[in-house]
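Inspection log for the structure reproduced underneath, given as structure tokens.
Where a number appears in this text, it was derived from the coordinates with a stated rule and is not lab data. Bear in mind that the values here come from a model prediction, so they are computed numbers and not experimental data. Here the Cβ is made from the backbone with ideal geometry for all residues, glycine too, and neighbour counts use every protein chain on show.
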Amino acid sequence: MNLECLGTKIALVRRARGYSVADLAKKANLSIHRINKIEESRFPELFPLYVLCDIAEALECSLDYLCGNKYTFSVPGLNDEEDK
């Protein structure tokens with residue numbers, strides 16, 4: 001997992017979904033401060049795995065996608081054939 005890209009990818013999917021940081025925080029049951037720290041890739045200590053699971057669920061994408069699967073190029077659920 002590439003931690004430097006994790007925050008960027010979370011922010012990318014959040015914006016693609018049309019969510020503000022406050023929206024994501026509410027959907028993931030996390031604080032705005034924690035979402036900001038993760039998106040800015042400021043990890044003074046590792047956070048529990050459930051935090052990433054909650055974020056992935058709130059963003060309606062896989063944990064694999066957020067953690068940097070190099071074979072995933074689009075934001076899941078947006079512009080997919082099944083969405084048409």
Subject >> Computed label-point distance, nm, for sites CYS67 and LEU49 using a 7 Å Cα→Cβ extension >> reply: 0.8 nm
Original post:
When the label point is put 7 Å from the Cα of VAL21 along its Cα-to-beta-carbon vector, which residues of segment 27-48 have a backbone N closer than 16 Å?
Top reply: 27-44
Original post:
Quick one: net charge of LEU30's neighbours, Cβ under 11 Å, K/R +1, D/E -1?
Top reply: +3
